[in-house]
Structures are given as structure tokens and as C-alpha cells.
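Engineer: The structure's right below; bear with me while I get my questions together.
No value in this document is a laboratory result; all are computed from the given coordinates. Everything quoted here is computed from the prediction, not taken from an experiment. Here the Cβ is made from the backbone with ideal geometry for all residues, glycine too, and neighbour counts use every protein chain on show.
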Amino acid sequence: MQSMVLEPSLFRGAVSLERKEGGVKPWRIPYDLFELFPPNGIGGTAEVTAGVRVTFASDTTNVALELAPSSIPVEVDLVIEDELIATRRLEPGQTAVSFGELPGRDKTIEIYLPQKAPTIVRSLGIDDGAAWRVPESRALRWIAYGSSITQCGGAFSPARTWPALVARRFGLDLTCFGFSGNCHLEPMVARQIRDRDADLISMCVGINVYGGSSLGKRTFRAAVIGFVQIVREKHPDTPIALMSPIWSPPRETTPNAVEFTLTEMRKEIEEAVAAMSALGDTRLHYVDGMTIFDESYAEHLPDELHPDGTGYTIMGTNYGDKVMQPLLERYGLRQQAGSR
């Protein structure tokens with residue numbers, strides 16, 4: 001097989017790329033500004049490759065991928081023109097996966113990297129004599145900000161997180177800022193979203209603020225407003241969907257260490273959106289997380305906090321139906337979707 005040059009344009013959904021250990025390590029923050037994203041680079045999750053894809057067009061019938069070994073089992077997905085073709089699992093210490101019997105025609109291939117561990121891509125191989133190129137993307141750019149429920153470590157595989165499912169359904173170019181254990185309305189993340197090109201932005205906030213008791217009733221609504229306003233500095237007209245937490249039974253009415261409940265938190269987010277909308281932000285939309293995942297899906301919430309693989313699929317379907325499709329239609333963007 002021939003080895004492809006791991007040029008930066010191959011990597012989508014990454015903020016920066018670090019040359020390391022004989023390969024390329026994608027990051028979801030500027031890795032050279034690591035110290036400005038405390039603690040430990042957004043809690044050590046910014047190096048996790050949720051939503052990051054290696055994307056190229058080729059007539060190859062085989063693809064071979066070598067990664068640096070991971071300390072936990074991970075999955076890698078191969079997608080052709082938005083259709084999931086195959087999933088490969090790497091056990092701890094394993095480094096190589098391959099995908100064969102692919103169509104011999106020219107096609108766009110996306111390799112979804114693991115959504116629950118850091119990844120270093122060491123090599124990418126295709127058939128001898130096969131042509132390849134980096135296709136121009138004209139897809140709408142979507143930034144999704146959130147917690148572990150947006151990073152989706154418990155999804156069946158990286159192409160089956162709820163943001164990835166929504167992105168492929170509507171042909172969107174996804175950048176996932178789901179940071180497990182974090183999403184405390186960090187100003188540096190707001191600045192990062194502000195400074196990136198985007199046609200659509202979504203935010204799912206609150207669950208880790210509750211869990212960490214990092215903001216209370218006095219400060220939470222102000223932090224939500226401040227986060228959105230930072231993003232709005234360079235995205236004055238970009239549609240933003242601001243979603244409150246999905247259902248979590250132990251947290252709905254039980255006060256945390258700062259006497260805050262999820263029920264109260266949803267009301268604070270809704271009122272923050274109402275205040276900004278009343279002052280002229282007509283492209284900011286509140287999404288009640290309970291409309292995306294509520295008590296009717298209890299069997300798919302095994303730890304009463306994180307959905308399982310089926311739960312994330314349900315979230316993707318509901319978010320697509322109730323949020324993304326209406327937004328695309330409202331702003332006349334749907335006809336551009338799928339232009340990859």
C-alpha cells in the first residue's frame with residue numbers, strides 16, 4: 001500500500017495539530033495555549049478526538065490506519081459519503097486497523113477518530129496506484145459546545161455520537177466542543193467559539209455546573225449571558241441553539257451544594273435567552289433539554305446521568321427533528337446542507 005502524507009487539511013473537527021511520537025495529534029484547543037485552558041487543558045479532555053475526522057476522496061478499495069496505542073479500548077469508524085460502513089475496535093496496546101472491500105469509484109471517505117481518548121495518527125495507507133485528494137468542503141459549519149453528554153464517550157462508536165449523527169443527517173461540518181466533566185461556561189472556550197467560522201452554533205449547558213456546584217443562582221444566569229455575548233462579538237447573526245440539561249432523576253429537584261436544582265437551572269437558562277431575545281437577539285433560541293431526552297427514555301440512562309449508545313441515538317434523532325431541521329428551514333440554510 002502507499003502511505004498518504006498526513007497534511008493538515010486532512011483533519012476536520014480539530015482546532016490544532018501537534019507533531020508528536022512520529023505522527024499527528026489533533027487537539028480541540030490550540031495546544032500551544034494549553035495553560036490558558038485550566039484545569040489541565042479543559043480537564044484533560046481537549047486532547048480527546050471527539051468529532052475529529054480524517055477526510056479525503058479516493059478510488060482506493062482498502063484503507064489502513066495506524067494509531068499510537070491507547071490505554072483503553074477505542075473504536076474507529078469509516079464513513080463513505082455520510083454512510084457508516086464499518087467500525088473497528090482497538091484493544092489497549094493495539095495500533096492498526098484496516099478497512100477493505102470499499103467501492104472502487106471516487107468517493108469521500110471520513111475516518112472518525114475515537115471520541116473517548118487522545119489519538120495520534122501515525123500513518124494512513126491506501127491501495128498502490130490509487131488516487132487521493134482533499135475535497136473542498138462547502139458544508140455548513142456547526143460548532144457544538146457541551147459536556148460529556150456532547151462528547152458522548154458512551155456512544156456505540158465515534159460516528160454514532162448524537163452530534164455526529166445530526167451532522168451526517170444534514171450534511172454539516174461538525175466541530176465538537178463537548179468536554180467531559182467540564183462545560184462550566186469557560187470564557188476561553190467562549191472566545192474559541194467566537195473566533196472560529198460557524199454557520200450554526202449549539203450549546204448544551206448546566207449539568208456539570210450542577211455537579212460541580214461551580215455556579216449558583218446568583219451567578220449562573222449572568223455566566224450564561226456572558227458566554228453568549230462573547231460568542232456574539234464575531235457571530236452577530238449566527239443562529240444559536242442554547243439547550244438546558246437533559247433529564248437526570250437524582251438532580252431534578254435535589255439541591256446541590258449551592259442550593260441549585262436542574263429544574264431551577266432550566267428556568268434560569270430560559271430566562272437568560274428571553275432577556276437577550278427581548279433586546280434584539282432574534283437568532284438565539286432556547287431548547288428545553290427535556291424535549292430531547294426525558295423520563296420516557298429511562299432505560300437508556302444507566303447511571304441516571306449519561307445516555308447509553310441507544311440513548312445517544314435517540315438524542316440525535318430528537319435533536320435533528322426538533323432543533324436542527326427547524327433551524328435550517330427557518331434561516332433558509334437547508335438547501336446548502338450536504339454540499340461536501
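Engineer: Need one number for segment 45-163: average projected area of the convex hull over its C-alpha atoms, nm².
Structural biologist: The number I arrive at for segment 45-163 is 7.4 nm².
Engineer: Here is a further query. Per Stokes-Einstein, at 10 °C and 1.306 mPa s, what whole-number D in µm² s⁻¹ belongs to segment 267-340, with the Kirkwood radius over Cα pairs as the hydrodynamic radius?
Structural biologist: It comes out at roughly 111 µm²/s.
Engineer: Ok, one more. Please figure out what share of the DSSP beta bridges in the chain is antiparallel and state it in percent, rounded to the nearest 5.
Structural biologist: Taking every DSSP beta bridge with both residues in the chain, the antiparallel ones total about 70 percent.
Engineer: Separate question: Straight distance only, please: which lysines reach the Cα of Lys20 with their own Cα at less than 30 Å, same-chain residues fewer than 8 apart left out?
Structural biologist: Lys107, Lys116
Engineer: I would also like to ask the following. Show me 284-297, 314-327 ranked by packing, highest mean number of other Cβ atoms within 10 Å first.
Structural biologist: Result, highest mean first: 314-327, 284-297.
Engineer: With a sphere of radius 13 Å drawn around the Cβ of Thr310, what net charge do the other residues whose Cβ falls strictly inside it have (Lys, Arg +1; Asp, Glu -1)?
Structural biologist: Spelling it out: positives minus negatives among the neighbours equals -1.
Engineer: Another question, if that's okay. Let me have the relative contact order for segment 141-336, percent, based on Cα pairs under 8 Å that are six or more residues apart.
Structural biologist: This gives 25 percent for segment 141-336.
Engineer: Same structure, new question: Over all directions, what mean area does the Cα convex hull of segment 183-242 project, stated in square nanometres?
Structural biologist: 3.8
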